[in-house]
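The values are calculated or read from the model by the stated rules, or taken from the named source; none is laboratory data. Predicted model, so just to flag it, every value in this text is computed and none were measured. Every residue, glycine as well, gets a Cβ built from its backbone with ideal geometry; the counts of neighbours run over all protein chains shown.
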Amino acid sequence: MAARSWRLRASCTGLMVLALLQGCTGQRAAAPDPQDDPAAVRAQLLRLLPAPLNDRKGWAEDIQVAMAAQRLPADRSNLCAVLAVAEQESTFNADPQVPGLGRIARAEIDRRAGRLHIPKLLVDAALGSTSANGKTYQQRLLAVRSEGELSALYDDVIASLPLGRTLFAGLNPVRTGGPMQVSVDFAQKHAQDYPYTYSGTLRQEVFTRRGGLYFGIAHLLGYPTHYTQPLYRFADFNAGWYASRDAAFQAALSRVTGAPLALDGDLINPGALMPGKTEQAARTLGGKLGLRNPQIRRQLEQEDGLAFEETTLYTGVFALADAKAGKSVSRAVLPGIVLESPKITRKLTTAWFAQRVDARYQRCMQR
């Protein structure tokens, strides 16, 4: 910017002074926006990251690169949101360890194999095979300590055993990974602008710090909302984009129709022959809103996008709910979802997760 300003001042000499005098008046180099200056963003992150954290500069660089690559504002609120999720999910560990992971993984493999009608004898025989390092795959499985190790072992099983892909292609129990525990499926669907070159698979990148942060940040901040509090983004991070908005829609729909609805943010049942309870409740308002059943279905199918808020169904349901309540009802509600995972050993909910992350976020903002 300084060089550009010098060239402007230099151009205001000689015969063009009078012509450019007015245009040059007051033209000064604009200070770079701290949100766009990599050095300023990294300095801000170094002030916000926990002091005892190893390689704080590396964490700051990976977060800054991810934010810049996705053209996301690197303001204090967004940075604190990212740090709060990473702290909650992994305590800033790129590949966090899970106690008893090998045992958990084997039980999950057996469960998935049973669901797919794969005989347990075949699974036992495959895992009992000797791997390249002289140990059986079963021995290596029981020795893994992190999801990254487990996923790499699984890739080895698929690649090395004659029936590896046939037997195990759908049995990998690792669905999330990295410092923000982002979904591998999500990463594979949003990899088009990934800024790094890498060897191996994209799945393996999720278990690195840079990959886990990039896709975790995309999942947390990479979609527009009208939320007034980051609390609801934290809930969406756990339950899926717009889950808090859609749960609020269910609450409004239940208020208007009297139908008891689970506030889980799931508005349709994809692939089901019959409409779910939310769709059934919406259909009872079809005449009042001037919508036919196929139109209601198409509008509910927009549950994963901001455009749902512009549909006749959304605006009509909230108009009726506001009128019945005598005030504007909430447009965001924490989804009532119980978390399920082989790693979870106690009853946890999406609301619990969102509130824990929000508490970390508030502490970060106060630092």
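Please find, within segment 311-367, the residue that is farthest from the chain's Cα centre (by Cα) out of those that are among the acidic types (Asp, Glu) and either more than 27 Å from Ala281 (Cβ to Cβ) or at pLDDT 95 or above (or both).
Asp322
Quick one: which of Leu291, Leu267 is under 22 Å from Thr350 (Cα atoms), at pLDDT 95 or above and assigned by TED's automatic domain parsing to the domain that holds Val333?
Details: Leu291 fails: under 22 Å from Thr350 (Cα atoms).
After ruling out the rest, the residue left standing is Leu267.
In segment 161-187, which residue that is outside any helix (DSSP H, G or I), under 20 Å from Ala113 (Cα atoms) and β-branched (Val, Ile, Thr) is modelled with the highest pLDDT?
Thr176
Being out of contact with any Leu (no Cβ under 9 Å at 6 or more places or on another chain) and over 26 Å from Asp185 (Cα atoms) is the requirement here; does Gly287 meet it?
On the way: out of contact with any Leu (no Cβ under 9 Å at 6 or more places or on another chain): yes; over 26 Å from Asp185 (Cα atoms): yes.
Considered against the rule, which asks whether it is out of contact with any Leu (no Cβ under 9 Å at 6 or more places or on another chain) and over 26 Å from Asp185 (Cα atoms), Gly287 comes out as yes.
Restricting segment 276-304 to residues that are within 18 Å of Arg245 (Cα to Cα) and of a type in the set (A, V, I, L, M, F, W, C), which is nearest to the chain's Cα centre (by Cα)?
Per the criteria, the residue is Leu300.
Pick out the one residue from Ala272, Ala251, Ala247 that is in the same structural domain as Ala354 (by TED's automatic domain parsing) and part of a loop (DSSP other than H, G, I, E, B).
Details: Ala251 fails: part of a loop (DSSP other than H, G, I, E, B); Ala247 fails: part of a loop (DSSP other than H, G, I, E, B).
From the options Ala272, Ala251, Ala247, the qualifying one is Ala272.
Each row is one residue, and each column tells you yes or no for (1) aliphatic (A, V, I, L, M); (2) under 13 Å from the mean Cα position of the chain (by Cα); (3) part of a helix (DSSP H, G or I).
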| residue | (1), (2), (3) |
| --- | --- |
| Glu205 | no, no, yes |
| Leu213 | yes, yes, yes |
| Ile217 | yes, yes, yes |
| Gly265 | no, no, no |
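Could you check segment 116-166 and list, in sequence order, the residues that are over 22 Å from Gln97 (Cα atoms) and either in contact with an Asp or Glu (Cβ under 6 Å, 6 or more places away or on another chain) or among the hydroxyl-bearing types (Ser, Thr, Tyr) (or both)?
Within segment 116-166, Ser129, Thr130, Ser131, Ser160, Thr166 qualify.
Being modelled with pLDDT under 95, among the acidic types (Asp, Glu), out of contact with any His (no Cβ under 7 Å at 6 or more places or on another chain) and part of a loop (DSSP other than H, G, I, E, B): is that true of Asp110 here?
Against the criterion (modelled with pLDDT under 95, among the acidic types (Asp, Glu), out of contact with any His (no Cβ under 7 Å at 6 or more places or on another chain) and part of a loop (DSSP other than H, G, I, E, B)), Asp110 does not qualify.
From the set of residues in segment 188-240 that are of a type in the set (A, V, I, L, M) and either more than 25 Å from Asp156 (Cβ to Cβ) or touching a Pro at 6+ places or on another chain (Cβ under 9 Å) (or both), which is modelled with the lowest pLDDT? Steps first, answer last, please.
Step one: list which residues in segment 188-240 are of a type in the set (A, V, I, L, M), which gives 191, 202, 206, 213, 217-218, 220-221, 231, 235, 239.
The next check asks that each one be either more than 25 Å from Asp156 (Cβ to Cβ) or touching a Pro at 6+ places or on another chain (Cβ under 9 Å) (or both); those that pass are 213, 217-218, 220-221, 231, 235, 239.
On the way: Leu213: 98, Ile217: 98, Ala218: 98, Leu220: 98, Leu221: 98, Leu231: 98, Ala235: 98, Ala239: 95.
Per the criteria, the residue is Ala239.
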